[in-house]
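Each reported figure results from applying straightforward, stated rules to the coordinates on display, with no laboratory input. Just so it is clear, the model here is predicted, and its values are computed rather than measured. Note: ideal-geometry Cβ built from the backbone for every residue, glycine included; neighbour counts use all protein chains shown.
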Amino acid sequence: MKIIKKFQSRDNTKNALIGLSDEIFIVEFYEFGKRVGEIEYTDKSYHYVEDAAENWVTGVMTKETIKHYNKKAA
């Protein structure tokens, strides 16, 4: 996966990495440096994926949401 963009919360506790793999956007979500999960965004625009990453680092998206849509069970 090629990393395209990184997002970080103001307090540095949450991060999101947007990547591209086989023309599919993937976002990896981290909290306190620990991986929470990743979500594949098939058939979604880059702006949609950016919004998801931003929602995580600003506290709009929850761990429960990530676990629900998680690509690989944690």
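Once amide H atoms are placed 1.01 Å from N in the peptide plane, what residues at a sequence separation of 5 or more from K14, or on another chain, have their amide H within under 5 Å of its amide H?
For K14, the qualifying residues are S9, F32.
For the chain, find the longest principal axis of its Cα atoms and tell me its angle to the long axis of helix 46-58, 0 to 90°, nearest 10.
Roughly 10 degrees between the two axes.
How do 12-19, 53-60, 40-47 rank on mean C-beta neighbours within 10 Å, highest first? Could you put the intermediate results ahead of the total?
Working: 12-19: 18.5, 53-60: 16.8, 40-47: 11.6.
So the peptides 12-19, 53-60, 40-47, ranked by packing, come out 12-19, 53-60, 40-47.
Shape of the stretch 35-74 from its Cα gyration tensor (a ≥ b ≥ c, root eigenvalues): rounded if a/c is under 1.5, otherwise prolate when a/b > b/c, or oblate? Before the final figure, lay out the partial values.
Values: a/c = 2.37, a/b = 1.17, b/c = 2.02.
Taking the square roots of the gyration eigenvalues as a ≥ b ≥ c, the stretch 35-74 is oblate.
Ignoring solvent entirely, what values of log10 I(q)/I(0) come out of the Debye formula for the chain at 0.12, 0.14 Å⁻¹ when each Cα is a single scatterer?
With no solvent term, the Cα-only Debye profile gives -0.26, -0.36.
Setting aside same-chain residues fewer than 8 positions from K67, which lysines have a Cα under 16 Å from its Cα?
K14, K34
With labels modelled as points extended 7 Å from the Cα through the Cβ direction, what inter-label distance (nm, one decimal) is found for D11 paired with T62?
A separation of 1.8 nm, rounded to one decimal place.
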